[in-house]
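Report on the structure given below.
The values are calculated or read from the model by the stated rules, or taken from the named source; none is laboratory data. Computed from a predicted structure; not experimentally measured. Cβ sites come from the backbone with ideal geometry, for glycine too, and all protein chains shown count toward neighbours.
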Amino acid sequence: MFLLIGGNSEIGAATARHMRGQGQGVLTTTRRARDLGEDELFLDLALLHDNWRPSEGVKAACIFAAIGRLAACEADWAGSNRVNVTQTLALARKLIASGVYTLFLSSDKVFDGTRPQVPADAPPSPISAYGRQKAATESVFKTWIGEGAPAGILRLAKVVSTDMALIHGWRRQLAMGERIRPFRDMRMAPTPTALVAKAIGRLIEDRQPVTAQLSGPQDISYAEAARFIAEEMGANPHLVEEASALDNGMPASAIPLHTTLESGYLASRYDVVAPGPWIVLRTILESRALSL
């Protein structure tokens, strides 16, 4: 049995679907106490009780629950740090003490973004509150792993689903002849949600004590993505007006030069390889076209 903490998140739900599709037994947790679904448990990470223990039969878990918005972590350092560091580690201790392999989902934001394809063993260099919190939690996990605890780390960059609201919003606006203003100084190396779910599933099935990474192979700006979408649609390219994220109030920590991560471990062990950004974007567009 596998336990997905925060299994109603986008990535958590995708992982649950993937693993159940593989015939695996999966329990998920949610902060929504009402109307719990089948194989769904209540767990609020911010209110973790001292006597909480994993269900009998759980052999591996993945922690999806977190405060992930950079602005939210900057605005409320104490509150976000409590969830992303203190409570996450408290939960992980309970899981590991019960013999449950625990996979911690981290982020490219543990690095400063000055270097592409950052190797997994590079020293952390976070420049955002969120990145510092992830790095702090990683540090404890690495200590546990070094001591032989059943634990692992998976760093992710930008994860995108076929329902990505930003892309489909641009698509609708361009189709109506409306202008869009994508950021030229914000970058992403998109990784499909389904591929991330596959990677997580394999890691918690194998229960390897590893720091793994997964991102797309190439960074593109949001403006480049928007121009590609306009071209694919045959829309007027002049409808794409580039803007600056920095000039629009985004912190410098949100606009690194690079977000790519060296992902060789997952590629060599599980043949998990993210496609290039143009393939990802085209897939998103085609998914909506097929649903119309």
**Message:** Among (1) surrounded by fewer than 17 Cβ atoms within 10 Å (Cβ to Cβ); (2) at pLDDT 95 or above, there is one condition residue 77 misses while meeting the rest; what is its number?
**Reply:** (2)
**Message:** Six or more apart or on different chains, Cβ atoms under 8 Å: show the pairs whose first residue is in the stretch 168-197 and on the phi > 0 side of the Ramachandran plot and whose second is surrounded by fewer than 16 Cβ atoms within 10 Å (Cβ to Cβ) and not hydroxyl-bearing (Ser, Thr, Tyr).
**Reply:** 177/236
**Request:** Might you check whether a residue that is touching a Gly at 6+ places or on another chain (Cβ under 8 Å), buried (at least 19 other Cβ atoms within 10 Å of the Cβ), closer than 18 Å to residue 118 by Cβ and touching a residue at least 24 places away in the same chain (Cβ under 8 Å) occurs anywhere in the stretch 220-236?
**Result:** no
**Item:** Conditions (1) under 22 Å from residue 1 (Cα atoms); (2) surrounded by fewer than 23 Cβ atoms within 10 Å (Cβ to Cβ); (3) of a type in the set (A, V, I, L, M, F, W, C); (4) in contact (Cβ under 8 Å) with a residue 12 or more places away in the chain; number of the one not met by residue 71
**Value:** (1)
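Here is a yes/no grid of residues against (1) out of contact with any strand residue (DSSP E or B) (no Cβ under 8 Å at 6 or more places or on another chain); (2) farther than 16 Å from residue 195 by Cα; (3) at pLDDT 95 or above:
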site	(1), (2), (3)
223	no, yes, yes
230	no, yes, yes
239	no, yes, yes
242	no, yes, yes
250	no, yes, no
261	no, no, yes
271	yes, no, yes
274	no, no, yes
292	yes, yes, no
**Request:** Just need a number here: residues in the stretch 170-196 that are over 20 Å from residue 215 (Cα atoms) and among the aliphatic types (A, V, I, L, M).
**Result:** 4
**Message:** All but one of (1) over 15 Å from the mean Cα position of the chain (by Cα); (2) closer than 21 Å to residue 283 by Cα hold for residue 124; state the number of the condition that does not hold.
**Reply:** (2)
**Leading residue by the ranking (surrounded by the fewest Cβ atoms within 10 Å (Cβ to Cβ)) among those in the stretch 167-209 that are of a type in the set (S, T, N, Q) and within 30 Å of residue 20 (Cα to Cα)** = 208
**Item:** Answer residue from the stretch 22-43, given it is farther than 18 Å from residue 58 by Cα and within 22 Å of the chain's Cα centre (by Cα) and is modelled with the lowest pLDDT among those
**Value:** 32
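Table: residues versus (1) free of Cβ contacts under 8 Å to residues at least 60 places away in the same chain; (2) more than 29 Å from residue 252 (Cα to Cα); (3) surrounded by 12 or more Cβ atoms within 10 Å (Cβ to Cβ).
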{"site": "41", "(1), (2), (3)": "yes, yes, yes"}
{"site": "50", "(1), (2), (3)": "yes, yes, no"}
{"site": "56", "(1), (2), (3)": "yes, yes, no"}
{"site": "63", "(1), (2), (3)": "yes, no, yes"}
**Request:** Looking only at the stretch 10-21, decide whether some residue is touching a Cys at 6+ places or on another chain (Cβ under 6 Å) and either assigned to a strand (DSSP E or B) or free of Cβ contacts under 8 Å to residues at least 24 places away in the same chain (or both).
**Result:** no
**Prompt:** Across the stretch 1-58, what is the total count of residues that are in contact with a Lys or Arg (Cβ under 8 Å, 6 or more places away or on another chain), of a type in the set (A, V, I, L, M, F, W, C) and under 16 Å from residue 202 (Cα atoms)?
**Reply:** 3
**Request:** Looking only at the stretch 100-120, decide whether some residue is touching a residue at least 24 places away in the same chain (Cβ under 8 Å), under 25 Å from residue 6 (Cα atoms), among the charged types (D, E, K, R) and in a strand (DSSP E or B).
**Result:** no
**Which listed residue is touching a helix residue (DSSP H, G or I) at 6+ places or on another chain (Cβ under 8 Å), within 24 Å of residue 188 (Cα to Cα) and surrounded by 19 or more Cβ atoms within 10 Å (Cβ to Cβ), from 83, 118** = 118
**Prompt:** How do the helices (runs of 4 or more DSSP H) wholly within the stretch 141-259 filter down when requiring 1 or more residues that are among the hydroxyl-bearing types (Ser, Thr, Tyr): which remain?
**Reply:** 193-206, 222-233
